1. Quick one: plug the Kirkwood hydrodynamic radius of region 47-123 (C-alpha pairs) into Stokes-Einstein at 37 °C, 0.692 mPa s, and report D in µm²/s.
2. If r is the Cβ-Cβ distance from LEU18 to ASP148 and R0 is 35 Å, what FRET efficiency results, to the nearest 0.05?
3. For region 1-45, place one equal point scatterer on every Cα, skip the solvent, and apply the Debye formula. What is log10 of I(q)/I(0) at q = 0.14, 0.25, 0.29 Å⁻¹?
4. Between ARG115 and TYR29, what is the label-to-label distance in nm when each label sits 7 Å out along the Cα-to-Cβ direction?
5. Please list, short to long, the whole-number percent of alpha-carbon pairs of the chain in consecutive 10 angstrom bins beginning at zero.
6. Give the lysines reachable from LYS43 as a straight Cα distance under 21 Å; neighbours fewer than 8 places away on the same chain don't count.
7. Which of these, ARG32, ARG87, ARG24, has the largest mean-square fluctuation under a Gaussian network model of the chain (Cα springs below 10 Å)?
8. For region 30-150, what is the accessible area per residue in Å² when the probe is 1.4 Å?
Amino acid sequence: MIRKLHTEEALPMNLLLLADPSERLVRDYTTRGTCYVLETEEKVVGVYVLLPTRPDTVELVNVAVDEVYHGQGLGKQLVLHAIQEARQQGYRTIEIGTGNSGVSQLALYQKCGFRMTSIDRDFFLRHYEEPIFENGMQVVDMVRLEIDLI
């Protein structure tokens, strides 16, 4: 079951930090966005945040699934839920960004209907103090994708 995180609940920081290693940035965008959690057996095992960015546009940030539950389609379930939630809230566009080395994430987002729109060169060098490595390479650029919801 996917639901909004209640205001009195603590952020699932262990999951959020799987997708974004900067606790400072995570705390910043979770205060501006809405956090949704995926529960299985009354345990939070997945998370995403919808963050309004411009009029009629929302960004899907920080999609993460507990590593124990990888390979079960839960990431896709979270992304599809976010798309539907954005549509129901009246947004015209949903955006997402991921690191250049996130091969599985890029495949997942495109399978869910996202199309690549741009590359934000050196994004991870500008916004993160420590280098991030994934799939044996440094994450440097952010690949931006979006879906038109109307």
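The values are calculated or read from the model by the stated rules, or taken from the named source; none is laboratory data. Because the structure is predicted, anything quoted here is derived from the model rather than measured. Methodologically, a virtual Cβ is constructed for each residue, glycine included, from the backbone with ideal geometry; neighbour enumeration extends over all protein chains shown. When the accessible area is computed, the model is the full protein with side chains, heavy atoms only, and any ligands, DNA or RNA have been set aside. Shrake-Rupley method; radii C 1.70, N 1.55, O 1.52, S 1.80 Å.
1. Values: Rh = 13.2 Å.
The diffusion coefficient I find is 250 µm²/s.
2. Details: r = 29 Å, r/R0 = 0.83.
Computed FRET efficiency for LEU18 and ASP148 comes out at 0.75.
3. Debye output, listed in q order: -0.32, -0.98, -1.20.
4. The answer from the label model is 2.3 nm.
5. 11, 42, 39, 8, 0
6. LYS4, LYS76
7. Maximum fluctuation in the GNM of the chain, among the listed residues, is at ARG24.
8. Details: 6650 Å² over 121 residues.
Dividing the accessible area of region 30-150 by its residue count gives 55 Å².
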